[in-house]
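Data first, discussion second: the structure below is written as structure tokens.
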Amino acid sequence: MSQTSSSSSSFSDTVSHIQELSGWVQGIRGNNHVQFLQFRTNGKILQVVLEKEKLGEEEFRFLKNIPQETSLKIRGYFSENPKAPEGKELLLESCEIVGKSGEYPITPKEHGPDFLHNNRHLWLRSKRQIAILKIRSELSFAIREFFRNQNYTLIDTPILTGSVGESSGTLFSTEYFDLGNAYLAQTGQLYLETAVFAHSKVYCFGPTFRAEKSKTRRHLTEFWMLEAETAFFGNESNIEFQDEFIRYLLKTVIERCPSELKMLERNPETILTQIQNKFPVISYSEAIEILQSKGEKIPWGEDINAERENILTEHFGTAVFVKNYPRSIKAFYMKQNPDDPRTVLCADLLAPDGVGEIIGGSEREEDYQKIIDRLMEEGLPPKDYEWYLDLRKYGSVPHSGFGMGLERILAWICGLSHVRECIPYPRMIYRLHP
Ligand code: 4AD
Ligand code: MG
């Protein structure tokens, strides 16, 4: 027998000597002479060919009946086969069992979403789930890469906070020793704003929490958000920057994940067409006119719900920025629009294919008194925000930022109608286990 390579060898190697690989049995099928074992190693599926003639009657019969998810160490030679999932297959010489498997609950037959989510700890091993989380991993990396290349400094904002970040309606709170209530962060934004005065260009990327009581296809109670904040930056520059960021992300991830997208039956061309040009930018008032012209009974001043967001993205056939929403439906920190004081200098980016809002962003109010007035209107005690208000006292500058929901943009990339498969362990109003 020739040289045995280490178990870390990947099956992109095209050497003719014997290979040793470790992994799991995803499935097996074939006939009485040859069986094809789907072998999962490093998150990819390798086709392993088992020939009765080579292995002998007894070994062949044993492997033919091997339970799904048994873990194995296998040895064999690679051979080119354009029909095999990775363009090559391994001709098995020998193997040994590392860990036996009982009757595995997730089989190739159809299972309902509830069953699959109850078995999420095992469902993660399925091909589609592997592909989605692989894309998520690449997406996270590309996000960090983009901001590093743009000279942004990463600021890790706290998860336990003492003041409401976004809205008091969706807070998770917990007793915090003798200091009253602590809240799980709904956003890192207010802390990011403090850091922008030190570093000029900052971002944070981590889990955020919202006690969303609704069961929708796009709300999680724990989700990951990328937030960026830039000093000496107005709303228009902020929108341009987001446009560049999102189109970079999609292009990069599509380039890096061709086999995962294929697994998900997501045609990269669909997305590439959607991101070919800069995204259109319309005002909230224009959005209302478009909706009304399509028969929607929506008065000026009302928020745009998910269905209506879809009408807008279908109208444009791509993502679209909607800017300058009414002040009354947006957060306290958004800057009042000097040209129309009923509105604020903000923008949401609405993604196509039923995904809807993936970014919320704005220029921040610089005026000390205006922020206090808005806090009072929202019933938020200004004394909890003294540190935040200080920013308007000591060298205040125009600054803007935005937050992008990781699971939502991932749903767009993967062509998924629900965000719950876009995070390893989704947390929703009715789901905390596993
Ligand atoms: O629009 P939001 O609430 O904006 C903020 O939190 C700002 N403080 C961001 C900033 O300016 N720094 O949330 C931003 C994005 C949304 O557009 C959406 O993509 C995502 O976060 N998001 C959610 N994703 C999943 N589940 C939820 N419950 C989400 N809530 C918001
Ligand atoms: Mg929003």
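The values are calculated or read from the model by the stated rules, or taken from the named source; none is laboratory data. Worth saying up front: this structure is predicted, and the values here are computed from it rather than measured. Because the Cβ atoms are built from the backbone with ideal geometry, glycine has one as well, and the counts that use them run over all protein chains shown. Accessible surface areas use protein heavy atoms only, side chains included; no ligands, DNA or RNA. Shrake-Rupley method; radii C 1.70, N 1.55, O 1.52, S 1.80 Å.
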| request: Examine the range 157-171 for a residue that is small (Gly, Ala, Ser) and at pLDDT 95 or above, and state whether such a residue exists. | output: no
| request: Select from the range 41-51 the residues that are of a type outside the set (A, V, I, L, M), modelled with pLDDT of 95 or more and touching an Asp or Glu at 6+ places or on another chain (Cβ under 9 Å) and list them in ascending order. | output: GLN47
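Residue-wise test of (1) more than 9 Å from ligand 1 (Cβ to nearest atom); (2) touching a strand residue (DSSP E or B) at 6+ places or on another chain (Cβ under 8 Å).
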position	(1), (2)
LYS323	yes, yes
GLY360	no, yes
PRO382	yes, no
LEU389	yes, no
| field | Subset tally (residues that are in contact (Cβ under 8 Å) with a residue 40 or more places away in the chain and among the hydroxyl-bearing types (Ser, Thr, Tyr)) for the range 181-207 | value | 3
| request: Scan the range 105-129 for residues that are closer than 22 Å to ILE409 by Cα, assigned to a helix (DSSP H, G or I) and either open to solvent by 40 Å² or more (accessible area, probe 1.4 Å) or of a type in the set (Lys, Arg) (or both) and report the count. | output: 4
| message | So ASP303 passes all but one of these: (1) assigned to a helix (DSSP H, G or I); (2) charged (D, E, K, R); (3) free of Cβ contacts under 8 Å to residues at least 40 places away in the same chain. Which condition number does it fail? | response | (1)
| request: Go through the residues of the range 114-136 one by one and say whether even a single one is more than 16 Å from ligand 2 (Cβ to nearest atom), free of Cβ contacts under 8 Å to residues at least 40 places away in the same chain and in contact with a Leu (Cβ under 7 Å, 6 or more places away or on another chain). | output: yes
| task | Would you mind telling me which numbered condition in (1) within 15 Å of ligand 2 (Cβ to nearest atom); (2) under 17 Å from GLU193 (Cβ atoms) LEU350 fails? | result | (2)
| Applying the selection to the range 312-346, what residues are in contact (Cβ under 8 Å) with a residue 24 or more places away in the chain, part of a strand (DSSP E or B) and more than 10 Å from ligand 2 (Cβ to nearest atom)? | VAL320, PHE321, VAL322, LYS323, PRO326, MET334, GLN336, THR343
| note | The strands (runs of 3 or more DSSP E) lying entirely within the range 173-244 that contain at least 2 residues which are surrounded by 22 or more Cβ atoms within 10 Å (Cβ to Cβ), acidic (Asp, Glu) and within 13 Å of ligand 1 (Cβ to nearest atom) are 222-231
| request: Filter the range 282-309 down to residues that are within 24 Å of the chain's Cα centre (by Cα) and surrounded by fewer than 17 Cβ atoms within 10 Å (Cβ to Cβ), then give me how many there are. | output: 3
| Inside the range 404-426, can you point out the residues that are over 21 Å from SER259 (Cβ atoms), open to solvent by less than 40 Å² (accessible area, probe 1.4 Å) and part of a loop (DSSP other than H, G, I, E, B)? | HIS418, ILE423, PRO426
| field | Any hit, the range 373-382, residues being modelled with pLDDT of 95 or more, more than 16 Å from ligand 2 (Cβ to nearest atom) and part of a loop (DSSP other than H, G, I, E, B) | value | no
| For the range 312-343, how many residues are open to solvent by less than 20 Å² (accessible area, probe 1.4 Å) and closer than 24 Å to GLU229 by Cα? | 12
| request: Return yes when GLU363 is assigned by TED's automatic domain parsing to the domain that holds THR216, away from ligand 2 (no atom under 13 Å from the Cβ) and open to solvent by 10 Å² or more (accessible area, probe 1.4 Å) and no when it is not. | output: yes
| query | Of the residues in the range 83-104, how many are surrounded by 14 or more Cβ atoms within 10 Å (Cβ to Cβ), without any contact (Cβ under 8 Å) to a residue 40 or more places away in the chain and not hydrophobic (A, V, I, L, M, F, W, C)? | reply | 2
| request: Filter the range 66-82 down to residues that are at pLDDT 95 or above, in a strand (DSSP E or B) and open to solvent by 40 Å² or more (accessible area, probe 1.4 Å) and give me whichever is nearest to PRO105 (Cα to Cα). | output: LYS73
| query | If you scan the range 351-360, which residues turn out to be closer than 14 Å to ARG217 by Cα, of a type in the set (Gly, Ala, Ser) and surrounded by fewer than 24 Cβ atoms within 10 Å (Cβ to Cβ)? | reply | GLY354
